[in-house]
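The values are calculated or read from the model by the stated rules, or taken from the named source; none is laboratory data. Fair warning: this is a prediction, and the values are worked out from it, not measured in the lab. We place every Cβ from the backbone using ideal geometry, glycine too, and count neighbours over all the protein chains shown.
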Amino acid sequence: MDKQQMTDIIVTTKAERGLTWEKMGEDLGMSPVWLASACLGMNGAPPEKAMAITEYLGLDQDVAKALEAFPTKVWDQTVPTDPLIYRFYEIAGVYGTTLKEVIQEKFGDGIMSAIDFTMEVDKQEDPKGDRVVVTMNGKFLPYKHW
């Protein structure tokens, strides 16, 4: 079973059971963001987490093995057309150099890790319209000079 087949099975089962990533994460004691990423094939799960996910959803060992497999992180290189995903693309385009400048002023020449990384998505109620709060927390990795 490949990652795409695994994802199709998990997403279908999740929908059939009326589950949310938030509910699944809460029940499994996992970050809903990490859980969704692993189930969508962008992260590999350690064996104990893969087993917990598949047992929770009533899925077989083939799905667990696919969850454990190391992913190949390739995504479409064209501009995304889904409005929500496009907005993140737009944020990176508009604010990417600004974030780079501010981060490097504070930390020096380097990058924010997407490996030693966590992300939270929260809802902030607001009378003018609810707000999406995305918190990204990545380890700073300075460039090596030699």
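Just a few scattered comments:
- Residue satisfying all of: in the stretch 1-32; surrounded by fewer than 18 Cβ atoms within 10 Å (Cβ to Cβ) and among the β-branched types (Val, Ile, Thr); nearest to THR135 (Cα to Cα) among these: THR20
- Applying a threshold of 7 Å to beta carbon distances and a minimum spacing of six or more residues, or different chains, the list of pairs starting in the stretch 1-17 at a residue that is free of Cβ contacts under 8 Å to residues at least 40 places away in the same chain and part of a helix (DSSP H, G or I) and ending at one that is small (Gly, Ala, Ser) and surrounded by 13 or more Cβ atoms within 10 Å (Cβ to Cβ) reads GLN4/GLY41; THR7/GLY41.
- Pairs are defined by a Cβ separation below 8 Å, a sequence spacing of at least 6 or placement on different chains, a first member in the stretch 69-94 that is under 25 Å from GLN5 (Cβ atoms) and at pLDDT 90 or above, and a second member that is surrounded by 10 or more Cβ atoms within 10 Å (Cβ to Cβ) and of a type outside the set (Ser, Thr, Tyr); the pairs so defined are ALA69/LYS3; ALA69/GLY44; PHE70/GLY44; PRO71/LYS3; PRO71/GLY41; PRO71/MET42; PRO71/ASN43; PRO71/GLY44.
- Just one of the listed residues (LYS106, LYS65, LYS100, LYS49) is loosely packed, with under 12 Cβ neighbours inside 10 Å and charged (D, E, K, R), and it is LYS106.
Each row is one residue, and each column tells you yes or no for (1) under 23 Å from GLU120 (Cβ atoms); (2) not acidic (Asp, Glu).
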residue: LYS3; (1), (2): no, yes
residue: THR12; (1), (2): no, yes
residue: ALA38; (1), (2): yes, yes
residue: MET42; (1), (2): yes, yes
residue: ASP60; (1), (2): no, no
residue: LYS65; (1), (2): no, yes
residue: ASP76; (1), (2): no, no
residue: TYR95; (1), (2): yes, yes
residue: GLU101; (1), (2): no, no
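- Residues (of a type in the set (Gly, Ala, Ser) and within 24 Å of ILE85 (Cβ to Cβ)) located in the stretch 104-146: SER113, ALA114, GLY129, GLY138
Yes/no matrix, rows are residues, columns are (1) surrounded by 10 or more Cβ atoms within 10 Å (Cβ to Cβ); (2) over 16 Å from the mean Cα position of the chain (by Cα):
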| residue | (1), (2) |
| --- | --- |
| PRO71 | yes, no |
| LEU84 | no, no |
| ALA114 | yes, no |
| LYS128 | no, yes |
| GLY138 | yes, no |
| PRO142 | yes, yes |
